[in-house]
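Just so it is clear, none of the values below were taken in a lab; they were calculated from the coordinates. It should be emphasised that the depicted structure is a prediction, and the values quoted were computed from it without experimental measurement. Positions of Cβ are backbone-derived with ideal geometry, glycine not excepted, and every protein chain shown enters the neighbour counts.
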Amino acid sequence: MSYEYFTEVASSYREAENLVTRKYGGKATITQRRQRQIGGFLGLFRKDAVEVSGFVALEPLGVSRRTSPSRNAAAQGYPYGASPSGATESKLNETALRSRAASANGPNGGKGAGLDAAKQQLLKAAGMNDSVTMTRILAELKNLRDDVTSVTKQQGEQQNGGSESEHQSIAAVRELLDENEFSAKYIEYILKRCRSLSIEDLDDPDLVQERVLEWIGESIGIHEDSPKTRPRVVVLVGPTGVGKTTTIAKLAAQYHLGKIGGAKQTVRILTIDNYRIGAKKQIETYGEIMNIPVEAAESPDDLKKWLDIYHDVDMIFIDTIGRSPNEFETLGKMNTLLQACGAQAEVHLALSACTRSSDIKRIMQQFEPFNYQSVVVTKTDETTSLGTVISSLWEKNKEVSFITYGQSVPHDLKTADTKQFLLRLAGFRIDRQRLDEEYRKVKVE
């Protein structure tokens, strides 16, 4: 599998997402984003923009592609884009569009010809040529049905106190959650709780925001850092480009210095990333600076050997191979190798806060076989919103253990706590004193 890497710039993250999807398709994965300024003259009048980077998995050479009907037609002597069934398909599409537009006007006052009439028109159009398959017809009918259902649902909401009669406090909460890029499912969860408030409470916008912050805080699961064995084996897995090696170095250094846990720990680092150019040298350099021994393992036997040698230390951190979640065979081999760590090993999944929602969910799903207990959220300094991360963790019922917010080693890493996420929400009127009292047991640097 080979990859094409890209960097695109747009005025907003949503626009950048759309641009990437248009140019590279649905297989494009955004791994990083950052704020920058573009345009201007002599350094003046520059505009804020978002730069996203990522990769696209390319199909291997030799993979057969399905020839489109238009190219088959060209090969048989028909003009490109034409075929014996071209008139019928054109007729079918034209009829489907007319029927769908008619049904979208709704059932009132003679608007639209009605679903039955639309079906008859489609069937009549399809009958002109046997090459138009029943599958195509059924697909168009399903689209028509969905359109009619959607219009009917919207009309019902308007008649029964839907979006048009939504309380202004609830509408304001919806806007805030959307601004922070929470998922549609998460937004509906919060709005459902808002609707359970009394009218008197809804008339107090500050109280509503206070409740919403409480609910968001409740939805964030924090992983408890409680060692159960010695040595404590900590494995960090995740896709390429999320900063696993740097994060391993930060974790090892902070435990070694006693910044996490309160007492200095004897620490060792093992790496199984022997594929990426310079990966071993990078972690070895960190180890030399921090006076932490680093060794490499290439097989389960190697891993078991080093775990036996370091049986009397406090902690062993294992850096893994960065791979796309689509490389199932490679991930399977890595998982087999890591079985040598034993059932007591703690597995954490590293995720970049800059990754879009659909990719986060796919990555979390593909790394499930590793039985990771929690998530390390990296690169939080490179995004203006954590709503995507909060939504994805909540939907997958996963806890977060650490967050990173820069490249400095051994700094720029904290144990995760709810307060850090709430303070990053944009647009909310946050009572810092009240938040400090509620989460006073957590020291925020």
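Here are the numbers for this structure:
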item	result
Computed FRET value (nearest 0.05) for Ser299 with Glu200, which takes r as the C-beta separation and R₀ as 60 Å	0.35
Neighbour-count ranking [beta-carbon atoms within 10 angstrom, fewest first] of Val52, Val377	Val52, Val377
Kirkwood estimate for the stretch 2-58, i.e. one over the average of 1/r between Cα atoms, Å	11.9 Å
Over 20 Å (Cα to Cα) - which of Lys27/Lys361; Lys250/Lys396; Lys280/Lys305; Lys264/Lys414; Lys264/Lys398 fall in this group	Lys250/Lys396; Lys264/Lys398
Potential lengthening between Asp436 and Ala184 on full extension [0.36 nm per residue; Cα-Cα distance subtracted]	87.8 nm
Sparse-neighbourhood loop sites, trypsin sites (Lys or Arg not before Pro) in the stretch 200-261 - DSSP loop, at most 13 other Cβ within 10 angstrom	Lys228
GluC sites (Glu not before Pro) within the stretch 217-299, DSSP loop, no more than 16 other Cβ atoms inside 10 Å	Glu224, Glu298
Theoretical gain in end-to-end length, Trp215 to Lys396 [0.36 nm per residue, Cα-Cα removed]	63.5 nm
